[in-house]
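Derivation of every value follows stated rules applied to the coordinates shown; laboratory data play no part. Predicted model, so just to flag it, every value in this text is computed and none were measured. Using ideal geometry, Cβ is built from the backbone for each residue, glycine included, and neighbour counts are taken over all protein chains shown.
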Amino acid sequence: MVGELAQAPAAGLLGVLAEDYDPDAARTELADWIMARGEREGALRQLTDAVRTMTFRTRAQAMLDVLLAALPDGEGEGLLRTLRRDTQLAPLALNALAHRELLSPGDMTDAEHLLVLAENLLQLVELAGGGDGAEEALHAQGSQARDAVAAALDSAHPDRAGLDELRQLAARALGTHGARARKARRPSGKSGRKRRR
């Protein structure tokens with residue numbers, strides 16, 4: 001029932017809205033949650049902090065997408081445009097704005113393009129489950145994936161552990177000399193980083 005999440009923690013609210021609510025119900029539920037907090041700026045800070053602390057990148061993206069879609073009168077777009085300057089959340093905010101065509105490629109700096117590229121690759125690895133699934137996804141892209149990974153690794157993306165995992169997976173998948181040496185020392189399909197869900 002709409003209204004039952006008014007006392008939920010911010011992360012729980014955004015997770016449920018992303019998974020179970022249609023857009024109209026999400027707008028109503030989010031408005032009620034913010035009103036229950038009394039002070040709008042503080043409520044929005046709680047919501048963005050919930051996204052900031054989510055380690056599963058695809059879930060963090062879904063949570064931020066809810067804010068973009070459910071805040072009224074362009075407030076969501078304004079919030080995400082502000083987050084372009086947030087070191088940790090910029091990749092997710094840029095990705096969300098670009099996905100909804102609220103930000104064109106010409107509106108982004110070269111550094112922002114690299115952040116979006118890196119974010120998309122990290123989410124691809126996450127969705128593929130890391131290990132063999134991610135290697136297969138990267139291998140299927142061939143030289144295009146090699147170029148994309150090289151560019152992503154040069155980005156200022158804040159998830160350095162994720163980029164290191166991406167580097168290792170891409171090296172194995174794309175068959176570079178360094179990858180063969182690492183593969184000989186490590187059992188096949190093992191990811192260098194355990195995923196927390």
- Message: How tilted is helix 57-70 with respect to the longest principal axis of the chain? Cα atoms for both, answer in degrees (0 to 90, nearest 10).
- Response: 30 degrees
- Query: Helix 131-141: angle to the longest alpha-carbon principal axis of the chain, degrees 0 to 90, nearest 10?
  - Reply: 80 degrees
- Only Lys, Arg, Asp and Glu count, each charged at its Cβ (+1, +1, -1, -1), so figure out the dipole size of the chain about its Cα centre, rounded to 20 debye. 1500 debye
- Task: Springs between alpha-carbon atoms under 10 Å, Gaussian network over the chain: tell me which of 116, 16, 66 tops the mean-square fluctuations.
- Result: 16
- Item | Contour excess over end-to-end distance, with Cα ends at residue 16 and residue 88 and 0.36 nm allotted per residue | 23.6 nm
- Query: For the range 4-23 and the range 61-93, what is the separation of their C-alpha centers, rounded to whole Å?
  - Reply: 16 Å
- Mean residue ellipticity (222 nm) of the chain, computed from DSSP H runs ≥ 4 via -39,500 (n - 2.57), nearest 500: -21500 deg cm²/dmol
- Message: Using only alpha-carbon positions, what ratio does the radius of gyration of the range 5-163 give when scaled by 2.2 N^0.38 Å?
- Response: 1.09
- Could you check the simple spin-label distance between residue 73 and residue 7, using points 7 Å along Cα→Cβ, in nm with one decimal? 3.0 nm
- Task: List, in order, the whole-Hz ³J(HN,Hα) value for each residue of the range 103-119 obtained from phi through the Karplus relation with A = 6.51, B = -1.76, C = 1.60 and θ = phi - 60°; use x for Gly and Pro.
- Result: 9, 8, x, x, 7, 9, 6, 4, 5, 5, 4, 5, 4, 5, 4, 4, 4
- Item | Full-stretch length increase - residue 151, residue 43 - with 0.36 nm per residue and alpha-carbon distance subtracted | 35.2 nm
- Task: Compute the long axis of helix 160-174 from its Cα atoms, compare it with the longest principal axis of the Cα atoms of the chain, and write down the angle in degrees, 0 to 90, nearest 10.
- Result: 40 degrees
